Amino acid sequence: MPISRLARDVGESPTLKLNQRAGELRASGAAVIHLGAGEPKSKVPMEAILAASGLLGSGEIRYTATDGTPGMKKAIIKYMADNYRVEVGPKNVIVSAGAKQALYTLLLAIVDPGDEVVFPAPYWVSYPEMIRLCGGIPRPVSASDGGFVPSLADVESALGPKTRAVILNSPNNPSGAVYSDTLVSGVVELCERLGLYCVLDDIYHRLVFDGRDPPNACRFAKQPFPASRLVVINGVSKLYAMTGFRIGWTVTNPEVQAAMDRIQAQTTSCPSALLQEAAAAAIQGDQGCVDTLRLTLQNHRDVMCRELAGIRGVRVQTPAGTFYCLPDFRAYSGDSDALSRMLLDKAQVVTVPGREFGMEGFLRLSFCGSLKDAVDGVARIRWALDPESPREIFIGDRRCVRDWT
C-alpha cells in the first residue's frame with residue numbers, strides 16, 4: 001500500500017524495537033537479561049497512586065485545558081522555583097503526554113523546513129528523527145577529542161546561518177556524562193547572543209551521582225527566563241519511575257508556549273486528566289523516592305563498571321548521572337549493530353547499539369534493573385566475547401559452552 005515519503009523516511013525507534021524483541025524472547029521461555037531498558041524498576045510514589053485513585057473514584061475524568069490542569073501547572077511552577085530557582089507563570093508552562101511529545105511539539109513550534117538543530121554526540125536516538133519530521137536538519141556535534149563531551153569551540157563550529165536551536169541533554173543519555181558549567185554557560189551565552197533557542201532536555205536532571213548538584217542552566221541566563229529563548233523540557237518518567245504515565249512538560253516564553261498550545265490542540269487535544277493528577281502529586285510529594293532511586297542507581301553503576309573492567313579490551317567511562325553507561329567495544333567489533341545482535345542471539349542479553357547514538361563501536365548498557373541482572377548480564381557478555389573468560393556458563397537452566405571465536 002502507498003505510504004507517505006515522511007513515513008518511509010522516518011527511522012524506527014531502536015530502543016522500543018529491542019523492548020519488543022526482548023518481550024517476544026521472554027514469552028518463548030528464553031532467559032533474557034535486558035540491559036537496554038530505559039525505565040527504573042522502583043515503585044510509583046504512593047502519593048501519585050492515591051491521587052489518581054481519588055479522581056478515578058469520583059467518576060469525573062474529563063478533558064482538560066490543552067496546556068494542562070491548573071493543579072499540574074501550579075506544581076510545575078513550584079518545581080521550577082524549588083529546583084531551578086526561577087520564577088515562572090502559567091503562560092510559561094505547557095503539559096504534554098510525556099517529555100517526548102513535549103520536545104516534538106516544541107520542535108514543531110520553532111523549526112521551519114531547512115532549519116538546523118545542533119546537539120552534542122552521543123545523543124538520544126529520537127533527536128535526529130524528530131528534527132527530520134519537522135523538516136529540519138539535525139547537526140550532531142562530536143567531541144574533537146573523541147570523548148563524550150564536546151568543547152564550546154566544537155559546538156560553536158557547528159553553528160551556521162540556518163541554525164535555529166541547540167539541544168543540551170545533561171545528564172546525558174546514553175553516556176551518563178554531566179556537562180561542565182563552562183560548557184553549559186558558554187552555550188547559553190552563545191544562544192542568547194545569536195538569538196537561538198537553547199533547549200534543555202532535563203529528564204534526568206536530579207539523577208546525578210557522587211554528591212554533585214543537579215545541573216541548572218537557568219542560572220547562567222542573562223535574559224529574564226519568562227521572555228528568554230531558554231527552554232526546559234522535563235517529566236515524571238525517570239525520576240519517579242512513572243514511565244507509563246506519559247506526563248511531561250515544557251517551560252518556555254509565552255509566545256512559544258502559545259504556539260505549542262495551538263499545535264497540541266490539533267493533535268492530542270490535551271494530556272490525560274487522570275495522569276496529570278498523579279504527576280502533580282508525585283512532584284509535590286515526599287521526594288525521598290528520588291533520593292532512594294539515585295543512591296540505588298549509584299551503587300548499581302559502581303558494580304556494573306567494576307564488572308565491565310573485567311572484560312579484556314573493553315573501556316568504560318564512569319557515568320556521572322542517569323542510569324546508563326556507554327562502554328567502548330571496538331576491541332571486539334566496529335559494528336555495534338552486529339555486536340548487539342550477536343549478544344542477544346548467543347548470550348540472550350539485550351544491549352543498544354552505539355550507532356543509534358552517534359557512537360559506532362559502543363554499546364549502551366542500562367543499570368536501572370536489578371543488581372543481579374547487571375552482574376549476570378555483564379558476565380554473559382564477557383563469556384561471549386573474551387577468550388580469557390570461562391568457556392562454560394549457565395544461561396537460565398541451560399549449560400552453554402563457547403565454541404566460537
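Screening segment 223-261 for residues that are over 23 Å from C368 (Cα atoms) and of a type in the set (G, A, S) and picking the one that is surrounded by the most Cβ atoms within 10 Å (Cβ to Cβ) gives S228.
The number of residues in segment 293-331 being farther than 21 Å from W124 by Cα and either in a loop (DSSP other than H, G, I, E, B) or of a type in the set (F, W, Y) (or both) comes to 7. For segment 142-187, a residue qualifies if it is under 22 Å from I110 (Cβ atoms), part of a loop (DSSP other than H, G, I, E, B) and among the small types (G, A, S), and the qualifying residues are G160, S170. Summed over segment 308-347, the residues that are in contact with a Cys (Cβ under 9 Å, 6 or more places away or on another chain) and of a type in the set (A, V, I, L, M, F, W, C) give a count of 5.
Quick check: is even one residue across segment 295-316 touching a Gly at 6+ places or on another chain (Cβ under 7 Å) and in contact (Cβ under 8 Å) with a residue 12 or more places away in the chain? Within segment 295-316, none of the residues are touching a Gly at 6+ places or on another chain (Cβ under 7 Å) and in contact (Cβ under 8 Å) with a residue 12 or more places away in the chain. Take the residues in segment 383-400 that are part of a strand (DSSP E or B) and in contact (Cβ under 8 Å) with a residue 60 or more places away in the chain, then tell me which one is surrounded by the most Cβ atoms within 10 Å (Cβ to Cβ). So, considering only residues that are part of a strand (DSSP E or B) and in contact (Cβ under 8 Å) with a residue 60 or more places away in the chain, the one surrounded by the most Cβ atoms within 10 Å (Cβ to Cβ) is I395. Answer yes or no as to whether E277 is assigned by TED's automatic domain parsing to the domain that holds D67, among the charged types (D, E, K, R) and at pLDDT 95 or above. Taking the combined requirement at face value, the residue satisfies it. Considering segment 262-287, and only residues there that are small (G, A, S) and over 14 Å from T105 (Cβ atoms), the residue that is surrounded by the most Cβ atoms within 10 Å (Cβ to Cβ) turns out to be A279.
Filtering K43, K74, K17 for residues that are closer than 30 Å to G135 by Cβ and basic (K, R) leaves a single hit, K17.
Answer yes or no as to whether R164 is in contact (Cβ under 8 Å) with a residue 24 or more places away in the chain and buried (at least 20 other Cβ atoms within 10 Å of the Cβ). In short, yes. When we screen R164, R229 for residues that are in contact with a strand residue (DSSP E or B) (Cβ under 7 Å, 6 or more places away or on another chain), at pLDDT below 95 and not hydrophobic (A, V, I, L, M, F, W, C), the only hit is R229. Only one of the listed residues (P271, P254, P319) is in contact with a Leu (Cβ under 9 Å, 6 or more places away or on another chain) and modelled with pLDDT of 95 or more. That residue is P319. All conditions but one from (1) part of a helix (DSSP H, G or I); (2) among the small types (G, A, S); (3) modelled with pLDDT of 95 or more apply to A338; the one that does not is (3).
Got at least one residue in segment 195-202 being buried (at least 24 other Cβ atoms within 10 Å of the Cβ), assigned by TED's automatic domain parsing to the domain that holds K100, in contact with a Pro (Cβ under 9 Å, 6 or more places away or on another chain) and within 17 Å of A227 (Cα to Cα)? Yes, some residue in segment 195-202 is buried (at least 24 other Cβ atoms within 10 Å of the Cβ), assigned by TED's automatic domain parsing to the domain that holds K100, in contact with a Pro (Cβ under 9 Å, 6 or more places away or on another chain) and within 17 Å of A227 (Cα to Cα). Counting only residues that are touching a residue at least 24 places away in the same chain (Cβ under 8 Å) and either hydroxyl-bearing (S, T, Y) or part of a helix (DSSP H, G or I) (or both), segment 188-221 holds 12 of them.
The values are calculated or read from the model by the stated rules, or taken from the named source; none is laboratory data. It should be emphasised that the depicted structure is a prediction, and the values quoted were computed from it without experimental measurement. In this analysis, Cβ positions are derived from the backbone assuming ideal geometry, glycine residues included, and neighbour counts consider all displayed protein chains.
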